[in-house]
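J.: Before anything else, here's the structure in question.
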Amino acid sequence: MENKVITRFAPSPTGRLHIGGARTALFAWLFAKSHQGKCLLRIEDTDLERSKSEHTKAIIDSFSWMNIQFDDEVIYQSKNKEKHLSAAKNLVKSNAAYFCSCTSERLKNLREEQQKNGLKPKYDGKCRELDLKEGSDTVIRFRNPQEGSVPFTDLVKGVIEISNHELDDLIIVRSNGTPTYNLSVVVDDIDMDITHVIRGDDHINNTPRQINIFKALGAKEPIYGHVPMILGEDGKRLSKRHGAVGVFEYEQLGVLPDALKNYLVRLGWSLGDQEIFNHEELVNKFKEGNINNSPSTFSFEKLSWFNKEYLSQIDSENLLSTLSSMETEFSQDDYSLEVLNLIRQRCSLMSDFSSESEYFFREVEDYDPKAVKKCINQQAIELLSEVLSEFESSKSWKASDVQEIIEKVLSKHELGFGKIGLPLRVALTGSINSPSIDRTAEVLGQKVVVERIQKAIKEFS
Ligand code: GLU
């Protein structure tokens, strides 16, 4: 029987969850789930100064918001320190590692000398054969093989082969007795029975070093998949400079979790031309698709498109109940429901519902100066006055009645729709961006419409 797939996501809790990290995690999680496997969360909290428990909490919260549940207990790397150190001792015992007493000054000089001669900085192996004993200032270095190469087949990047000449005898335990990243990761991956490591390609240089440590510890290395990074629209690595980069920020902006998830997965993974994949489809189909080998570009516009698609799948009652529970003016009544149905096509983000509905819940205080300049003149004021008196006396107030009145006035003067449509929009909403004016007037109600036209005429006369 094929071994069960076990992947992991291993963030360092030095900040909130970044969308790049979230996407890597989604790939690792979906890879496992689409193979009926497990995905574990390992918090790499060994940098005691920069790791914060509030960041760990925020990371876990962002995953629950996206409906991503990791399997088993969360693992904290700092708790495994003794295992890391005992693995290092075993490596020394089996001669796969050694104590080194080179001072930082010697290493600095060595590095400078190598750089001066155009060489890649690399430890020169001074202590490699000295068989030193542990001392107060010694570090432990891994005895990297000097011959041969490390070939591996990356799930994303294909066959990669790195010559051992390129690799250093890297430090696995510092002189202060703390294990280093490459050792801890390997020991934990062995301990957790990880079969596949899906991670960002910023770690690809570590992979051959880690594979050598796996071998020296007598363990089989996992299969690797290195996911290319996400770029901003300027082609540079996505960072704060580009705007929101935290999952939390998108939650705040009113992006739906399924939309963000779908967008992030599609950003670097594809299956034919399909764009929209719901949670179940992602889980079922992920292994059939391809992870892109080149970096992807983050586009807020595309994310908004996904969000709009997901919004359109929510029925109005549910949407209203979500909006009412947020800080909006929507409440669970018929008027709010009508407003919602009228504007929902115009909204891509949850936050759009507030801006798009403002004039339904509040008086128009300010008129958009550009719109006023464009549409309000003497003729517009006269037409508004004519429409006003027809509106005041109308016995019925449906969108079709509003439409009929506007057309009647227009045909009397042989004018096109915009001559009334636009000034009326300004009067009723403060700008010229609104849903159809007849439906807007219907939902606002006859009384409010009449009052707003009166106010606008006064304002502009
Ligand atoms: N903790 C590392 C990071 O946040 C990831 C290590 C790994 O995936 O091997 O970049």
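The values are calculated or read from the model by the stated rules, or taken from the named source; none is laboratory data. In this text, all values refer to a predicted model and were calculated from it rather than measured experimentally. All Cβ positions, glycine included, derive from the backbone under ideal geometry; neighbour counts span all protein chains shown. Ligands, DNA and RNA are excluded from the accessible area calculation, which covers all protein heavy atoms including side chains. Shrake-Rupley method; radii C 1.70, N 1.55, O 1.52, S 1.80 Å.
J.: Tell me which residues come under 5 Å, amide H to amide H, from residue 6 once H is placed; ignore anything under 5 positions away on its chain.
T.: Excluding prolines and chain starts, which carry no amide H, the hits are 38, 195, 196.
J.: Using each residue's phi in the range 25-36, evaluate 6.51 cos²θ - 1.76 cosθ + 1.60 at θ = phi - 60° and report the 3J(HN,Hα) Karplus result to the nearest Hz, with x for Gly and Pro.
T.: Values, residue by residue: 4, 4, 4, 5, 5, 5, 4, 5, 5, 6, 10, 6 Hz.
J.: Which whole-Hz ³J(HN,Hα) couplings does the range 117-122 yield from phi under the Karplus relation 6.51 cos²θ - 1.76 cosθ + 1.60, θ = phi - 60°, glycine and proline marked x?
T.: 8, x, 9, 6, x, 7
J.: Sticking with this one: Which one of 214, 194, 231 has its Cα pushed farthest toward the positive end of the charge dipole of the range 186-304, where Lys and Arg give +1 and Asp and Glu give -1 at the Cβ?
T.: 214
J.: Enumerate the whole-percent occupancy of each 20 Å bin, from 0 to the last occupied one, for all C-alpha pair distances of the chain.
T.: 20, 38, 23, 14, 5, 0
J.: Let me ask something additional. Is there a pair in 108/157; 412/455; 89/122 whose C-alpha atoms are over 28 Å apart, and which pairs would that be? Working shown, then result.
T.: On the way: 108/157 34 Å; 412/455 25 Å; 89/122 23 Å.
In this structure, 108/157 lie more than 28 Å apart at Cα.
J.: State whether the range 90-200 is rounded, prolate or oblate according to the following rule on the C-alpha gyration tensor (a ≥ b ≥ c being the square roots of its eigenvalues): a/c under 1.5 gives rounded; otherwise a/b larger than b/c gives prolate, and the remaining case gives oblate. Please report the intermediate quantities before stating the final value.
T.: On the way: a/c = 2.00, a/b = 1.29, b/c = 1.55.
Oblate shape, in that a/c is at least 1.5 and b/c is the bigger or equal ratio.
J.: Once you sort the root eigenvalues of the Cα gyration tensor of the range 358-434 as a ≥ b ≥ c, which label holds: rounded (a/c under 1.5), prolate (a/b larger than b/c) or oblate (the other case)?
T.: The shape class here is oblate.
J.: Can you show me the helix-derived [θ] at 222 nm for the chain, built from DSSP H runs with n ≥ 4 at -39,500 (n - 2.57) apiece and divided by the number of residues, rounded to the nearest 500.
T.: Numbers: 19 runs with 218 residues, N = 461.
Rounded to the nearest 500, it is -14500 deg cm²/dmol.
J.: Can you pull out the cysteines in the chain that have no other Cys Cβ under 4.7 Å?
T.: 39, 102, 347, 375
J.: Size of the dipole of the chain about the Cα centre, Lys and Arg at +1 and Asp and Glu at -1 on the beta carbon, nothing else charged, in debye to 20? Walk me through the numbers on the way to the answer.
T.: Details: 59 positive and 70 negative charges, 370 e Å.
Result for the chain is approximately 1780 debye, rounded to the nearest 20.
J.: Using a probe of 1.4 angstrom, how much of the accessible area of the chain is carbon and sulfur, in percent? Don't jump to the answer; show the numbers that get you there.
T.: Values: 11230 of 23300 Å².
Of all accessible area on the chain, carbon and sulfur atoms account for 48 percent.
J.: Let me ask something additional. Report, by chain and number, residues whose modeled amide H sits under 5 Å from the one on residue 97, excluding near sequence neighbours (fewer than 5 apart, same chain).
T.: Hits under the 5 Å cutoff: 92, 143.
J.: About the Cα centre of the range 86-181, how large is the charge dipole given +1 on each Lys and Arg Cβ and -1 on each Asp and Glu Cβ? Please answer in debye to the nearest 20. Intermediate results must be reported in sequence, preceding the final value.
T.: Values: 15 positive and 14 negative charges, 44 e Å.
Once rounded to the nearest 20, the dipole reads 220 debye.
J.: Okay, moving on. Specify whether the C-alpha gyration tensor of the range 266-317 places it in the rounded, prolate or oblate class, a ≥ b ≥ c being the square roots of the eigenvalues: rounded for a/c under 1.5, otherwise prolate if a/b is larger than b/c and oblate if not.
T.: It comes out oblate by the Cα gyration axes.
J.: Hey, another quick one. Could you tell me which of 357, 330, 102 has its Cα farthest along the dipole of the chain towards the positive end, charges placed at Cβ (Lys, Arg +1; Asp, Glu -1), taken about the Cα centre?
T.: Toward the positive end, the furthest listed residue is 102.
J.: Also: Can you work out ³J(HN,Hα) from phi for every residue in the range 405-413, in order, using Karplus 6.51 cos²θ - 1.76 cosθ + 1.60 and θ = phi - 60°, giving whole Hz and x for Gly and Pro?
T.: Per-residue couplings from phi come out as 5, 4, 5, 4, 5, 4, 6, 4, 9 Hz.
J.: Another one. Sort 373-384, 168-179 by the packing proxy (mean of other Cβ within 10 Å over each peptide's residues), most packed first. Can you show the working numbers first?
T.: Numbers: 373-384: 16.0, 168-179: 17.8.
Final packing ranking: 168-179, 373-384.
J.: To the nearest 20 debye, what charge dipole does the range 338-425 have about its Cα centre, counting +1 at the Cβ of each Lys and Arg and -1 at the Cβ of each Asp and Glu?
T.: The calculated dipole for the range 338-425 is roughly 260 debye.
J.: Let me ask you something else. Can you list residues from other chains, or at least 5 along the same chain, whose modelled amide H is less than 5 Å from the amide H of residue 12?
T.: 44
J.: Ignoring ligands, DNA and RNA, what accessible area per residue does the range 366-461 give at 1.4 Å, in Å²?
T.: Values: 4950 Å² over 96 residues.
Ligands and nucleic acids excluded, the figure is 52 Å² per residue.
J.: Taking the solvent-accessible surface of protein heavy atoms with a 1.4 Å probe, what is the per residue accessible area of the range 212-305 in Å²? Numbers along the way, then the final one.
T.: Details: 4540 Å² over 94 residues.
Accessible surface, normalised per residue, equals 48 Å².
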